[in-house]
Amino acid sequence: MSEWKECKLGDVAGVYNGYSFKSGEYHSFHPGHLEVLKMGHIEPGGGLRKLPKKDYMPRESRFEKYILKKNDIVLAMTDMKDSMGILGHPAIIDLDDHYVLNQRVARIIVQDHKNIDFTFLFYQMRSTDFISELQSRAHSGVQVNLTTSAIKDARILLPQLPEQRAIAGVLSSLDDKIDLLHRQNKTLEGMAEALWRKMFVPACAGEPHADREEADPGWKKGKLGDIAEINPLRSIKKEAITTYLDMSNMPTDGPFPKEWVQRDYSSGMKFKNGDTVIARITPCLENGKTAYVNFLNNEEIAWGSTEYIILAPKTGYSSEWYYFLARNDDFRDFAIQNMTGTSGRQRVSGDSIAQYEIAIPPMNITERFRTFAGPVMDHIKHNSFQIRTLIRLRDTLIPKLMSGEVRVKL
């Protein structure tokens, strides 16, 4: 460790704040516009999540210095009610000239390239020690805030450049495997979604193809409640220990949750394998928090937030069909438009979801879809379990490598 030195982040990198956008300036998505990168984009663990395409800005000269470049590091400077504990967590920008930086998100740019490996610095900033130090430097009030000065003063440990690169190489190889599996899952889901759209999209708007009704009289107009058990009654013994899925671990992209835990049952929505779970409250519904349940033990009943809606298939219908329905834009728009309640706490009810008009496909049509989608969802599950294992290995290694407890052979 004698060749490792301690310094401040501000000694080796510039730290900058974002632009203070006014609410009236926001636009919906338009080609050529820049997406406003907010704290909600940042995920614990270093990733960027997708948000609804409604917070965009036209490219203007006043934004030029706030436009992010690929491999810029961004860092959440505030913890708010819906930010899920991301204060101090960093992420890497993956696209050039796509995002413009919002206030309360810091931009970190490496200045000393002769002595600092960019990837090593990012992993150093992802270490629990670094994040904990940042959080200890935050100012409490109505919100918990970090200043750029506090971020600059945070301490980092630096070995010599060759060891930085070796450490970064080990961790990057794990992240590359994780990224490959994520991309495989996205491709697999995209294939199943394309087939679903080809077979069922007109049916989702309540308008089946005219030739379908003539060729197969099994198609008929109806409502989702006709073929779905919505929030079905299930039983878990009070205080029984069973699987719990927290809202923060619901996926915004893809079917598989990030994590789940074993917990004493108290009260909440209950689900089992084959169900689709949908967040019904703002902003989780708008952000697309939706999961397909295929990760439980056989016959296990799990539970989660009261702010979930559960779609369970009626006998004979493909369970995968309901997941792809829940991801469909027309269904999501319907759910969002039917939210009620006070500003910031709006939610859609199961009764409203049941009224969604569809053209009900014959069971044999959904069964044909199942023959393709079933193996796809199983493959996604297999990849996702591998991702979980690799993430745990990476997250175990980061603090050990960043403190010098574990050394990399050069």
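Taken together, the values in this text are just the output of simple stated rules run on the coordinates, not laboratory data. All values derive from a computational prediction rather than experimental measurement. Here the Cβ positions follow ideal geometry from the backbone for every residue, glycine too, while neighbour counts run over all protein chains shown.
Take the alpha carbon atoms of segment 353-410, find their center, do the same for segment 253-301, and report the distance between the two centers in whole angstrom. So the two Cα centres are separated by 13 Å.
Candidates S173, T371, S352 compared by Cα position along the dipole of the chain: farthest toward the positive end lies S173, with charges placed on Cβ.
Taking amide H positions as modeled 1.01 Å from N, with prolines and chain starts lacking one, the residues under 5 Å from D72 and 5 or more places away or on another chain are I93. Counting only the Cα atoms, segment 186-366 fills a convex hull of 114 Å³ per residue. When each of the peptides 257-265, 278-286, 67-75 is scored by how many other beta carbons lie within 10 Å of its residues on average, the order from highest to lowest is 278-286, 67-75, 257-265. Sorted largest first, the principal axis extents computed over the alpha-carbon atoms of the chain equal 76, 47, 40 Å. From largest to smallest, the equivalent ellipsoid semi-axes obtained for segment 5-158 from the alpha-carbon gyration tensor read 26, 18, 13 Å.
Electrostatic tally near D264: other residues with Cβ closer than 12 Å to its Cβ, Lys and Arg +1, Asp and Glu -1, net +2. Of the three principal axes defined by the Cα atoms of segment 263-329, the extents in descending order read 33, 30, 18 Å. Taking amide H atoms as placed 1.01 Å from N in the peptide plane, the amide H of D275 lies under 5 Å from those of V293, each 5 or more residues away in sequence or on another chain.
Per-residue ellipticity at 222 nm for the chain, helices alone: DSSP H runs ≥ 4 residues times -39500 (n - 2.57), over residue total, nearest 500 deg cm²/dmol?
Numbers: 11 runs with 146 residues, N = 410.
My calculation for the chain gives -11500 deg cm²/dmol from helical runs alone.
Could you grab the Rg to Rh ratio for segment 280-410? Cα atoms only, Kirkwood for Rh.
Result: Rg/Rh = 1.11.
Among the listed pairs K220/K289; K272/K314; K152/K258, those whose Cα-Cα separation exceeds 25 Å are K220/K289; K152/K258.
Counting pairwise Cα distances across segment 119-161, what percent come out greater than 18 angstrom? Walk me through the intermediate numbers first.
Numbers: 288 of 903 pairs.
That tail contains 32 percent of the Cα-Cα pairs.
In this structure, the amide hydrogen of I236, modeled 1.01 Å from its nitrogen in the peptide plane, lies closer than 5 angstrom to no residue at least 5 positions away or on a different chain.
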